[in-house]
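Input: a single structure, listed below in structure tokens.
Every number here is computed from the coordinates shown, using simple stated rules; none is lab data. Not measured: the values here are computed from a predicted model. Here the Cβ positions follow ideal geometry from the backbone for every residue, glycine too, while neighbour counts run over all protein chains shown.
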Amino acid sequence: RLMLAVPTMSASSFAVVNTHRARSDREFFDYYVGAGLASWGTAIAATAAGSLLAFHPSPLLGRIVAMILPIHFTTLIGANWPRRKPILVAATAFVAAPLAGHVIGDSHAIVMPFVLAAAFVAIDEIRAAGRRRDPH
């Protein structure tokens, strides 16, 4: 079953599906595979449209295409409301990524997610340890 889901994996399908994580494991798997398979058609159409645009560039269409990715990820982040942590992580990454790019170069796209994840896990662990020591 897991191998069937691998070809449908993407950061976007994972993020979309995880906003509905209250499902049982079987329902979650079915939902994930369905969301991933549904995204294939969109990916193929977008690739074809992008290729056509590359052969016939238009400044207006270029600006529209440049808006799609930020709008998409803003929507995914907003879908996490009222949970604040995913929104805070995204905001931190938005600020930290350009700074990290200047410091460590192109590898920041690989390093930053791990650094941010470690930082947020450490913060959670410190807070949990504090609650265990001071139950009031």
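Considering only segment 104-136, how many residues are touching a residue at least 12 places away in the same chain (Cβ under 8 Å) and either aromatic (Phe, Trp, Tyr) or assigned to a loop (DSSP other than H, G, I, E, B) (or both)?
Number of matching residues: 1.
Yes/no per residue for (1) touching a Leu at 6+ places or on another chain (Cβ under 8 Å); (2) part of a loop (DSSP other than H, G, I, E, B); (3) loosely packed, with under 10 Cβ neighbours inside 10 Å:
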residue	(1), (2), (3)
32	no, no, no
60	no, no, yes
72	no, no, no
93	yes, no, no
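Could you list all residues from segment 74-86 that are part of a helix (DSSP H, G or I) and exposed (fewer than 15 other Cβ atoms within 10 Å of the Cβ)?
Selection gives 74, 75, 78, 84, 85.
So, residue 65, is that one over 22 Å from residue 43 (Cβ atoms) and surrounded by 11 or more Cβ atoms within 10 Å (Cβ to Cβ) or not?
no
When both residues are 6+ apart or on different chains and their Cβ atoms are under 6 Å apart, which pairs have a first residue that lies in segment 75-93 and is over 18 Å from residue 124 (Cβ atoms), and a second that is in a loop (DSSP other than H, G, I, E, B) and not aromatic (Phe, Trp, Tyr)?
Listed by first residue and then by second, the contacts come to 79/19.
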